[in-house]
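I am attaching a structure below and will ask some questions about it afterwards.
The values are calculated or read from the model by the stated rules, or taken from the named source; none is laboratory data. These numbers were taken from a predicted model, which means no experiment stands behind them. Note that we place each Cβ from the backbone using ideal geometry, even for glycine, and neighbour counts take in every protein chain shown. Surface areas here come from the heavy atoms of the whole protein model, side chains and all, with no ligands, DNA or RNA. Shrake-Rupley method; radii C 1.70, N 1.55, O 1.52, S 1.80 Å.
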Amino acid sequence: MQGVSRVLIDGVPDTAVPVTDRAFQYGDGLFETIRLVAGQLSLWRLHRERLESGARTLGIPLDLQCVEQHCAVLTQGIAAGVVRITVSRGDSLRGYAPLADAHPRIVCALYPAAAPDPRPYVQGVRVRLCDTRLAEQPRLAGLKHLNRLEQVLARQEWSTSEFAEGLMLDVAGRLIEGTFTNVFLVLDDRICTPRLDRCGVAGVMRRYLLEQRPGMDGHTVSECDLWPRDIEAARECFVTNSLIGIWPVHTIVIDGAARQLTGVTMGRQISAEVERRLGFTNSN
Ligand SMILES: Cc1ncc(COP(=O)(O)O)c(C=O)c1O
């Protein structure tokens, strides 16, 4: 299969999922996308915890040890790359009700590492504010579930390389996240990231920053309600995910008007510290 180096379905080399699979039918499942660095799954504990809590919320009886075993086989002898774990509730007939004896299906796929590009980390990136809004669904908020149609719609709002990412608001107008990243604003000596209790994906890199505070000396970091006016007031902005690490943002385009941020110093500092600890610009 193009672009994929290896795939295991329930631990066996295979690339075909049946049409009865509920991930195919309803998006009934979860996924994780993880960097493989020096043969290790980077930030695995945090990915594992999100997968475990997502499976608990959806009521999918997932065996995490099985997932770990399949990943170990998948990555054997490989130093660097990207691992995607997709967990589906398994097969069922038509209709939303799951079968009582459904067995989750675990798909582990290995992709090659992207070519290193230090530019976004050093220069920062240009992003836009998307028109597509995120719906509120507290029961699914934070989960990395397989229904990503809002992101698919938002990502079709631009097609050139002019923008590296699009930021998204919820239906009430609060800033929530990027289409494939979480977002942080630097407001004076406070670093704020949107609360994700109504919608949004609780990113592993976001959690790492909130807990470990790399390169954030002299600043507090917290979850807040943020609005477009906070983007206007922000000194800096940066976006994060577990594959890219941290990209400082130098420009945000809102309704066609470009707002230049004062600088990228803090974002660059945090990015460099995360790079030092986890190794991002060189091999991501
Ligand atoms: C919608 C969305 N938000 C946030 C993130 C960041 O998550 P993580 O840090 O776990 O990669 C992602 C990652 O793909 C995403 O798709």
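Please build a GNM for the chain, connecting alpha carbons under 10 Å apart, and tell me which residue among His47, His219, His250 fluctuates the most.
Of the options given, His219 has the highest mean-square fluctuation.
Out of the GluC sites (Glu not before Pro) in the stretch 1-81, which ones are loop residues according to DSSP with at most 15 other C-beta atoms within 10 Å?
Working: sites: Glu32, Glu49, Glu52, Glu68; in loops: none.
Qualifying residues, ordered by number: none.
DSSP loop chymotrypsin sites (Phe, Trp or Tyr not before Pro) in the stretch 115-197 with at most 12 other Cβ atoms within 10 Å of their Cβ, which ones?
Details: sites: Tyr121, Trp158, Phe163, Phe180, Phe184; in loops: Trp158, Phe163, Phe180.
Here no loop site has a sparse enough neighbourhood.
For the stretch 143-262, report the accessible area per residue in Å² (1.4 Å probe, heavy atoms, rounded to an integer). Intermediate values should be presented prior to the final figure.
Working: 4880 Å² over 120 residues.
About 41 Å² of surface per residue is accessible.
Something else about it: Under the 0.36 nm per residue contour assumption, what length would be gained going from the current alpha-carbon distance of Ala79 and Thr251 to full extension? Walk me through the numbers on the way to the answer.
Values: separation 172, 0.36 × 172 = 61.92 nm, distance 3.50 nm.
Full-extension gain reported as 58.4 nm.
Let me ask something additional. Met266 accessible area, nearest 10 Å², 1.4 Å probe?
Rounded to the nearest 10, the figure is 10 Å².
Go through the stretch 139-241 and name the GluC sites (Glu not before Pro) that are in a DSSP coil and have 12 or fewer other Cβ atoms within 10 Å of their Cβ.
Values: sites: Glu150, Glu157, Glu162, Glu165, Glu177, Glu211, Glu223, Glu232, Glu236; in loops: Glu157, Glu162.
Counting only loop positions with at most 12 other Cβ atoms within 10 Å, the GluC sites (Glu not before Pro) in the stretch 139-241 are Glu162.
FRET efficiency for Ser5 and Asp131, Cβ-Cβ distance as r, R0 = 51 Å, nearest 0.05? Working shown, then result.
Values: r = 36 Å, r/R0 = 0.71.
The formula returns an efficiency of 0.90 here.
Nearest 500 deg cm²/dmol is fine: what mean residue ellipticity at 222 nm does the chain get from its DSSP H runs of n ≥ 4 alone, each adding -39,500 (n - 2.57), divided by its residue count? Display every interim value, and only then the final one.
Values: 8 runs with 73 residues, N = 284.
My calculation for the chain gives -7500 deg cm²/dmol from helical runs alone.
By the gyration tensor of its Cα atoms, with a ≥ b ≥ c the square roots of the eigenvalues, what is the shape of the stretch 95-177: rounded for a/c under 1.5, prolate for a/b over b/c, or oblate?
Oblate, since a/c reaches 1.5 and b/c is not below a/b.
Need the full-extension length gain, Trp44 to Gln260, defined as separation in residues times 0.36 nm minus the C-alpha distance. One decimal, nm.
Details: separation 216, 0.36 × 216 = 77.76 nm, distance 3.55 nm.
Value of the extension gain: 74.2 nm.
Can you tell which of Gly218, Gly124, Gly90 shows the greatest fluctuation in a Gaussian network model of the chain with Cα springs below 10 Å?
Of Gly218, Gly124, Gly90, the Gaussian network model singles out Gly218 as fluctuating most.
Still on this structure: Given DSSP loops and a limit of at most 13 other Cβ atoms within 10 Å, what is the longest stretch of the chain that contains no such trypsin sites (Lys or Arg not before Pro)?
Working: sites that count: Arg94, Arg139.
Within the chain, the longest run free of exposed trypsin sites (Lys or Arg not before Pro) spans 140-284.
Moving on. Ignoring ligands, DNA and RNA, what percent of the 1.4 Å accessible area of the stretch 79-200 is carbon and sulfur?
Details: 3160 of 5820 Å².
Summing carbon and sulfur atoms, their accessible area is 54 percent of the total for the stretch 79-200.
Would you look at the GNM of the chain, springs on alpha carbons closer than 10 Å, and say which of Ala234, Ala115, Ala141 moves the most?
Its mean-square fluctuation being the largest, the pick is Ala115.
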